[in-house]
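Undergrad: Got a structure for you, questions after.
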Amino acid sequence: MAIVEGTHGHDFDEDFFRSIFNVTLDGDSAGESFAPCSETAPEFKSLGLTVTFFIVFIFSFIGNAVVIYVVCCMDKCRASADTYLMHLALADLFFSLTLPFWAVYVHSGWIFGNVLCKVLSGLQEASVYSGVFLLACISVDRYVAIVKATRVLLSHQKLVKVVCGMVWLVAVVLCLPVAVQRETMQPDDLGDQIICYENITAESSDRWRVSVRVLRHTLGFFLPLAIMAFCYGRTLLTVLYMRNHQKRKAMRVILAVVIVFILCWLPHNVTVLIDTLMRGKSLGISSCNARNRVAVVLQLTRVLAFMHCAVNPVLYAFIGEKFRNELLLALYKHGIITKRLQMAYHKGSHSSSISIRSRNTSITL
């Protein structure tokens, strides 16, 4: 899938397509940073990848749709972090909507035309940027609420909506170069297979590749990760000194969020960084065997990064007691479950949910 090549692993490029169909690598498709390889890249099973993408799509779509549904049904008890959560779920939902197209792509080539090549590439890029920015916003929100104990500012929903609007605006701006450059093409050595790839000249290929990757590494991963590490680190220290069991329990969710985010995204970011350094001849490694091994790791870590959009609903919502109560309440209001069932669960969890209806308690916590 030729989606963007970069930090996030949500991009499918020409090298990826070559590895799937076991085509001999000839280095960079438009550049001269690598000499031609005489070795064949390890073959990827396109059917397995297709099934994986469809499975991730189903779980991600359902999970994030439920999160959006529950937050929209919340009235007076919606916290600022809940609004961020809803936008995060929306970003993951948009991301998951592109997966069926990429699933077909890895199996049959790009058959959806030039317009969808651009639109879906841009949508996926914007979704990842907005998602990681919103993760950083949630960490700042929790830091201000717990460490600084500032509640008035956080309860200002208009401010939160403005921040979310800015996040989406920046994400759209950052995705425009990818959407503009992406085009359908048919490389000679791929036979009749059509790919969705950046249409750039040989002279600017390497410069474009490095520039996009540096941008994604900096703004799309390491900077937000640094913000999350600082905010959650300080928040954790503050909670540990509190005699508040509920907030300590909430930190388990925060730690799970940070750990899973790192596990899903860090491997691919590190691998992309190594690949970038190899292409720039900064590591002194240029053998075909090493390049093919890096290509394999790129695809494996890329699939792992894809799965993060399906894990988010579990981390931010389904293990949160407030979310479960709000979900049952919403289902009862719409006549899906009975009042008896809704009250039975609520009574069973009442002892540990005294603060559930607090405006400043997020459903992620």
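Undergrad: Can you list residues whose amide H is under 5 Å from Ile337's amide H, if they're 5+ apart or on another chain and H is modeled 1.01 Å from N?
TA: Here the answer is Tyr332, since their amide H atoms fall under 5 Å of that of Ile337.
Undergrad: Something else about it: How much solvent-accessible surface does Cys72 expose, in Å² to the nearest 10, with a 1.4 Å probe and all protein chains in place?
TA: Approximately 80 Å² of Cys72 is accessible to the 1.4 Å probe.
Undergrad: For His334 and Ala290, calculate 0.36 nm times their separation in residues minus their Cα-Cα distance, and state this gained length in nm to one decimal.
TA: Between His334 and Ala290, full extension yields 10.1 nm more.
Undergrad: May I ask you to derive the FRET efficiency for Gln186 and Ile62 from their Cβ-Cβ distance with R0 = 45 Å, giving the value to the nearest 0.05?
TA: For Gln186 and Ile62, the calculated efficiency is 0.80.
Undergrad: Modelled label-to-label distance, Val119 and Val51, 7 Å Cα→beta-carbon offset: nm?
TA: 3.1 nm
Undergrad: Which residues' amide hydrogens lie under 5 Å from the amide hydrogen of Ala79, considering only partners 5 or more residues apart or on another chain, with H built in the peptide plane?
TA: Ile363
The values are calculated or read from the model by the stated rules, or taken from the named source; none is laboratory data. All of these numbers come straight from a predicted model, not from anything done at the bench. Virtual Cβ from ideal backbone geometry, glycine too; neighbours counted across all protein chains shown. What goes into the accessible areas is simple: the full protein's heavy atoms, side chains included, and nothing from ligands, DNA or RNA. Shrake-Rupley method; radii C 1.70, N 1.55, O 1.52, S 1.80 Å.
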